[in-house]
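The values are calculated or read from the model by the stated rules, or taken from the named source; none is laboratory data. Because the structure is predicted, anything quoted here is derived from the model rather than measured. Cβ placement follows ideal geometry from the backbone for every residue including glycine, while neighbour counts extend to all protein chains displayed. Accessible surface is based on the protein model in full, side chains and every heavy atom, while ligands, DNA and RNA are left aside. Shrake-Rupley method; radii C 1.70, N 1.55, O 1.52, S 1.80 Å.
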Amino acid sequence: GPAFQDPLILASQFGSIYSENFSLFLADRSRALGLADLETGALKQAKLINPESVAVQASSALFEFSQGNLEQAMEEYRQILAKDPQNINARIGLAAAAYSKHDIPSAIDVLESSSLSVSNVTVQSFLGLLYLEKNDTERGQQVLTTVAANSNQTSLSAAFVAMSSYRLNSLNESEKFAQLALKGAPGNIPMLKFLAEIAATGEDHDDLTV
């Protein structure tokens, strides 16, 4: 099996885990190979070595999240934020766990409660999507429009803005941002289809106004 083709994992079976960094490296390697039992063992070893380490807690939180243990993951992320309130990755992880529990308001609160969130593209993109999920389409569109204007993730953010504008029946805005999305990703077939749908909707509106 893959575990015994990897010398690092093979070495771990003989107790050759001596440091926090190696334990975490082994946990990451085990995760990549889909070896949950070995990942669990490596994380337990890392916690024994340094239970207060933010890196250990972050790796543990990610593992719990991947296993569907959302409460445990959230507790790990909260412990990290208690020590480091500006830890963006922990904040995103906590918000993602809240979202997975269908608690969108809590996810939004987590992301908005840090001053660093305003300048973080990932956080703002996530916030925009959360607002759309909350059916606050105007706020979602506002956030994603800002992301599209001020980041390198123009194509993805513009696609979200195009779709939210369409939901608001703002066809001109929707077409503009769909074109912007295609500029960054010309082969985006779903967005090409979406543009055709916008055009068809516009024709229907024109028929109604004749």
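What is the list of residues in segment 125-139 whose amide nitrogen lies under 20 Å from a point 7 angstrom out from the Cα of residue 185, following Cα to Cβ?
125-133
What does the extension gain come out to for residue 82 and residue 55, with contour length at 0.36 nm per residue minus their alpha carbon separation? Numbers along the way, then the final one.
On the way: separation 27, 0.36 × 27 = 9.72 nm, distance 1.41 nm.
Length gained, residue 82 through residue 55: 8.3 nm.
Separation between the residue 200 and residue 169 pseudo-spin-labels, each 7 Å from Cα along Cα→Cβ, expressed in nm?
2.0 nm
Not counting ligands, DNA or RNA, and with a 1.4 Å probe, what is residue 189's accessible surface area in Å² rounded to the nearest 10?
Its heavy atoms expose roughly 90 Å² to the probe.
Order the peptides 86-98, 105-117 from the highest to the lowest mean number of other Cβ atoms within 10 Å of their residues.
On the way: 86-98: 20.8, 105-117: 16.8.
Top to bottom by mean Cβ count within 10 Å: 86-98, 105-117.
List the lysines whose alpha-carbon lies under 21 Å from that of residue 101, not counting same-chain residues fewer than 8 positions away?
134
Any lysines with Cα under 18 Å of the residue 176 Cα? List them, leaving off those in the same chain fewer than 8 positions away.
Result set, ordered by chain and number: 193.
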